[in-house]
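Please treat every number below as a calculation from the coordinates, not as lab data. A quick note: this is a predicted structure, and the numbers were derived from the prediction, not measured. Positions of Cβ are backbone-derived with ideal geometry, glycine not excepted, and every protein chain shown enters the neighbour counts.
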């Protein structure tokens with residue numbers, strides 16, 4: 001079988017990647033996905049009902065040189081787009097540099113090097129799934145008073161990145177994206193064009209309900225909502241802003257648009273919608289899911305604790321209007337993201 005409009009996507013079992021794969025398959029693309037072990041490969045194939053248009057390849061370690069060579073040789077001149085979503089994500093590390101920062105940078109560069117060496121002339125675009133963490137410093141509200149835009153980079157250093165897991169995530173995304181752009185701007189991808197997708201905190205349900213099995217099965221995005229599902233009526237609500245967010249389905253849409261639309265070439269596309277907080281999450285859960293009445297407080301009828309004065313500007317000022325203009329679609333509101341996630345989590349509390 002000859003593959004046309006083939007898409008290579010790394011980290012195929014990921015939260016965002018599953019949505020992208022689902023969309024691509026519906027649009028009759030053929031998808032070659034990578035995962036780190038056979039159990040993940042088997043799981044993703046089962047979730048997608050063993051679609052003949054989905055091929056899963058096991059790559060245990062993205063930092064090994066030439067690790068993508070066999071994929072590009074096997075599907076030579078058949079892959080037109082590469083979407084790199086894979087990357088370390090978590091908070092339990094013993095060596096942040098070796099487990100988070102270096103794998104993120106080397107995994108990205110190895111993929112780009114192999115596109116250059118073995119990808120052939122068919123690859124049109126390389127899309128990097130980055131993050132707003134490559135724009136905002138983890139302590140940005142203290143250290144950076146300016147308005148953040150698509151051109152902003154955090155001033156985080158490697159030593160700062162190694163201090164804790166949160167800093168490590170910011171550093172990994174920043175360093176990997178910077179190296180990617182440098183590699184690209186030096187002309188190493190030849191005819192292949194690049195753009196990055198930089199979402200803020202990603203919210204929304206998992207694509208497959210089957211993946212929500214118990215609390216331990218939840219990714220970090222779902223954990224944030226899950227924390228409020230059964231807090232009790234006496235929970236002390238804090239009004240501190242928690243950050244800006246975007247729905248996973250909007251992030252998916254942006255990836256597809258970047259793949260299919262040449263106006264995204266050479267650009268950083270930042271997706272950022274509403275600021276979320278404890279009162280908002282609890283209010284939307286209370287309003288949209290009657291089953292939670294009696295289990296969580298109603299913020300509209302509860303005294304909310306004021307956060308310290310120092311936290312008032314915890315969320316940095318941003319202007320991502322260039323991205324919004326390019327995307328030109330209405331983002332899914334936070335209320336819907338919270339409600340859809342909460343409804344998916346309900347089965348854990350029955």
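Helix 278-288 and the longest principal axis of the Cα set of the chain meet at an angle near 90°. Multiplying the residue separation of residue 307 and residue 275 by 0.36 nm and subtracting their alpha-carbon distance yields 10.0 nm. Length gained on full extension, residue 70 to residue 53: 4.2 nm, using 0.36 nm per residue less the C-alpha separation. Normalising the average separation of contacting C-alpha pairs (under 8 angstrom, six or more residues apart) by the number of residues puts the relative contact order of region 244-321 at 30 percent. For region 265-346, the square roots of the Cα gyration tensor eigenvalues, ordered a ≥ b ≥ c, give a/c of at least 1.5 with a/b no greater than b/c, which places it in the oblate category. Pop the C-beta distance of residue 182 and residue 235 into the FRET formula with R0 = 41 Å and round what comes out to the nearest 0.05. About 0.30, to the nearest 0.05.
How would you classify region 46-100 from its alpha-carbon gyration tensor, with a ≥ b ≥ c the square roots of the eigenvalues: rounded for a/c under 1.5, else prolate if a/b is greater than b/c, otherwise oblate? Oblate shape, in that a/c is at least 1.5 and b/c is the bigger or equal ratio.
If I compute Cα Rg over 2.2 N^0.38 Å from the structure I just sent, which labelled value in (i) 1.09; (ii) 0.91; (iii) 1.01 lines up? The value matching this structure is (iii).
Look at the alpha carbon pairs under 8 Å that are at least 6 residues apart: their mean separation over the length of region 1-121 gives a relative contact order of 31 percent. The angle separating the long axis of helix 334-345 from the principal Cα axis of greatest extent in the chain is about 90 degrees.
In terms of its C-alpha gyration tensor, region 16-88 comes out oblate, because a/c is 1.5 or above while a/b does not outweigh b/c. Spin-label model, residue 227/residue 330: points 7 Å from Cα along the beta carbon direction are separated by 3.1 nm. Between the alpha-carbon centres of region 210-241 and region 64-118 there is a gap of 32 Å. Using 0.36 nm per residue, how much length does the chain from residue 260 to residue 39 gain when fully extended, once their Cα-Cα distance is taken away? Here the answer is 76.4 nm. Only Cα pairs under 8 Å and 6+ residues apart enter the sum, and on that basis the relative contact order of the chain stands at 17 percent. Ranked by the mean number of other Cβ atoms within 10 Å per residue, highest first, peptides 104-110, 167-173 order as 167-173, 104-110.
Computing FRET efficiency as 1/(1 + (r/R0)^6) for residue 26 and residue 219, where r is the C-beta to C-beta distance and R0 is 25 Å, gives about 0.65. Compared with the dominant principal axis of the Cα atoms in the chain, helix 38-47 is inclined by about 70°.
With the helix formula -39500 (n - 2.57) applied to DSSP H stretches of n ≥ 4, the chain reaches a computed 222 nm mean residue ellipticity of -10500 deg cm²/dmol.
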